[in-house]
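FYI, it's all coordinate maths here, none of it is from the lab. Keep in mind the model is a prediction, meaning the values are calculated, not measured. Don't worry about glycine lacking a Cβ; one is built from the backbone with ideal geometry, like all the others, and counts go over all protein chains shown.
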Amino acid sequence: MPKLETRMARDITWIGSIPKECDICGIAIANAFVDDMTREGPWANMCPDCHRLHGCGLGLGVGQRYEKKPDGKFHKTEGWPPTGNASI
């Protein structure tokens, strides 16, 4: 069986409108946010604190964490691949 490509090295940036505030608590999004499904059901762009309280996790099918880098863009830092050296 051929080895599948790992996606750990990919640099993925948020291409939508940058969320201005957390969908849960309303705090301003400054340097990081998580796009995740909530335990209550709907998806939300959350601050890291609300993600710890309301998020379903990080990985394929759940959440992705984005952090603001020096270029001013939000880059995905967690959430794909799901864990460790996972491949697709």
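Summing +1 for each Lys or Arg and -1 for each Asp or Glu among the other residues whose beta-carbon sits under 14 angstrom from that of T38 gives -3. Summing Lys and Arg as +1 and Asp and Glu as -1 over all other residues whose Cβ lies under 9 Å from the Cβ of A28 gives a net charge of 0. Close amide H contacts of G63 (hydrogens built in the peptide plane, cut-off under 5 Å, sequence separation of 5 or more or a different chain): M37, G57, L58. If you model the stretch 12-80 as an ellipsoid using its alpha carbon gyration tensor, with each semi-axis the square root of five times an eigenvalue, the axes come out at 18, 14, 9 Å, biggest first.
Between W43 and T38, the built amide H atoms are under 5 Å apart, and every one of these is 5 or more places off in sequence or on another chain.
What does the charge count around E67 come to, taking other residues whose C-beta lies under 14 Å from its C-beta (Lys +1, Arg +1, Asp -1, Glu -1)?
+1
Any chance you could run the full-extension gain for L60 through E40? It's 0.36 nm times the residue separation minus the Cα-Cα distance, nm to one decimal.
5.4 nm
Close amide-amide hydrogen proximity is noted between A32 and K68, each under 5 Å apart and 5 or more residues distant or on a separate chain (H modeled in the peptide plane; Pro and chain starts excluded). Computed from phi, the 3J(HN,Hα) profile of the stretch 73-79 under the Karplus parametrisation 6.51, -1.76, 1.60 (θ = phi - 60°) reads 9, 8, 9, 5, 10, 8, x Hz, with x in place of Gly and Pro.
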